[in-house]
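Note sheet for the following structure.
Values quoted throughout were computed directly from the atomic coordinates according to the rules given, and no laboratory measurement underlies them. Everything numeric in this text was worked out from a predicted model, so none of it was measured. Glycine also receives a Cβ, built like all others from the backbone with ideal geometry; neighbour counts cover every protein chain displayed.
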């Protein structure tokens, strides 16, 4: 079948990585798959294309974003359409992206259009009904944005269930200048009234959100398809060899922690993790912590805990860090179904993580421990529990790799999607 996927980029956070991985799997399994993105990055694989720009100003905006000039990009957009600035001043979400019309025209020649996260400044949600008339649409959201008045995750509260308004988190991504959340949610509800779509989400937690949202009446079928990872890349390795390559002492207890964007990512919880490390520093256990993905993390050395920052690292380097680890720790305020946890499990690394969003669906008592969010003492106790029990860690490592192979393979995810697409088209 011919499959068109749409994503903001082919390289970035979890949602972009899921779309790119599925694109490669669809093509490997013999289908005509294309991935259209607003900002192509890194090495472009076959079938990855940039959404056709609507004007020279739009192309210049993209150039500014690629160079890391977001303010310049905003100025260019406002120059091309003054209503962009007016929307911002009113607290409206920005849907003024005319290049989406080019997607609608392209979609006619595809059997399925699978749309990943549609926020991030590239998609005109008002054209979703036209796109659904052009082809069969499957929405694959990776967060709550389709259900809220602006935020990707509500973090706390359920105002999105009751029409939003009086939002206490206007700076939460995607941020607003003023509170237009109630009007934004009303606009989304009006858009959804004119569309019928299929929806796939990676976790039952997100499914429960979508079922209570303004999108729910427009859904033909809602399906939970867990994210998958490349099990050839992420697999148990030779611990001592991995440590030798990373210049890490074989006798050190090594904890790996991933935080995409570090402190700039308000959905992660670096503060709680640091507080837990301070508690551990007062104990008698000697630990080394590797921080991945945080470009601004500081290196700290105390009597018992050494923290090393790797910063941003290439995806191909991540398995080596995980294969060298004794424990993976994931601390967040909000999550949907993070790939980082799946990657650690697949490498045979026990996990300690906060029980938010879909994380409890990823970890079982045989593969890791869950703690309450924003509880540093509980987090420190869970880490100590596994540091002190080598036999338990070894059993968890075996169970983690087995569970990942059984539930979280990329080919399993792709074939599940393809089987469902076949049913939909039939």
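Calculated [222 nm] ellipticity per residue, helices only, for the chain: -11500 deg cm²/dmol; basis is -39500 (n - 2.57) per DSSP H run with n ≥ 4, divided by all residues, nearest 500.
Taking Cα atoms only, the orientation of helix 390-407 departs from the longest principal axis of the chain by about 20 degrees. Need one word for the range 214-282: rounded, prolate or oblate. Basis is the Cα gyration tensor (sqrt eigenvalues a ≥ b ≥ c); a/c below 1.5 gives rounded, then a/b vs b/c decides. It comes out oblate by the Cα gyration axes.
When peptides 62-74, 357-369, 336-348, 183-195 are ranked by their average number of other Cβ atoms within 10 Å per residue, the highest-first order is 336-348, 357-369, 183-195, 62-74.
Only Cα pairs within less than 10 Å get springs; with that Gaussian network setup on the chain, which residue of 141, 250, 202 has the largest fluctuation? For the chain, modelled as a Gaussian network with Cα springs under 10 Å, the answer is 250.
For the chain, the orientation-averaged shadow of the C-alpha convex hull comes to 19.8 nm² (one quarter of the hull surface). Cβ-to-Cβ counts within 10 Å put 34, 406 in ascending order as 406, 34, the fewest first. Residues 94, 317, 230, arranged from fewest to most other Cβ atoms within 10 angstrom of their Cβ, appear as 317, 230, 94. Can you tell me how the range 239-407 classifies by the Cα gyration tensor, rounded, prolate or oblate, using a/c under 1.5 as the rounded cut? Verdict is rounded for the range 239-407. Over all distinct alpha-carbon pairs, what is the Kirkwood Rh of the range 8-108 in angstrom? Here the Kirkwood hydrodynamic radius works out to 15.0 Å. The range 52-112 and the range 312-388 have Cα centres separated by 37 Å. Note on the range 317-401: Rg/Rh from C-alpha atoms, Kirkwood Rh, equals 0.93.
When the chain is fully extended, how far beyond the present Cα-Cα distance does residue 264 get from residue 177, taking 0.36 nm per residue of separation?
29.5 nm
Bridge orientation summary for the range 239-407: considering DSSP beta bridges with both residues in this region, about 10 percent are antiparallel.
The ranking of 166, 264, 9 from fewest to most other beta carbons within 10 Å of each one's beta carbon is 166, 264, 9. The relative contact order of the range 295-406 comes to 23 percent, based on Cα pairs under 8 Å that sit 6 or more residues apart.
Its relative contact order, with pairs defined as Cα atoms under 8 Å and 6+ residues apart, puts the chain at 12 percent. Computed from the C-beta positions of residue 285 and residue 317, the FRET efficiency with R₀ = 30 Å rounds to 0.65. Counting only DSSP beta bridges whose two residues both lie in the chain, roughly 5 percent are antiparallel.
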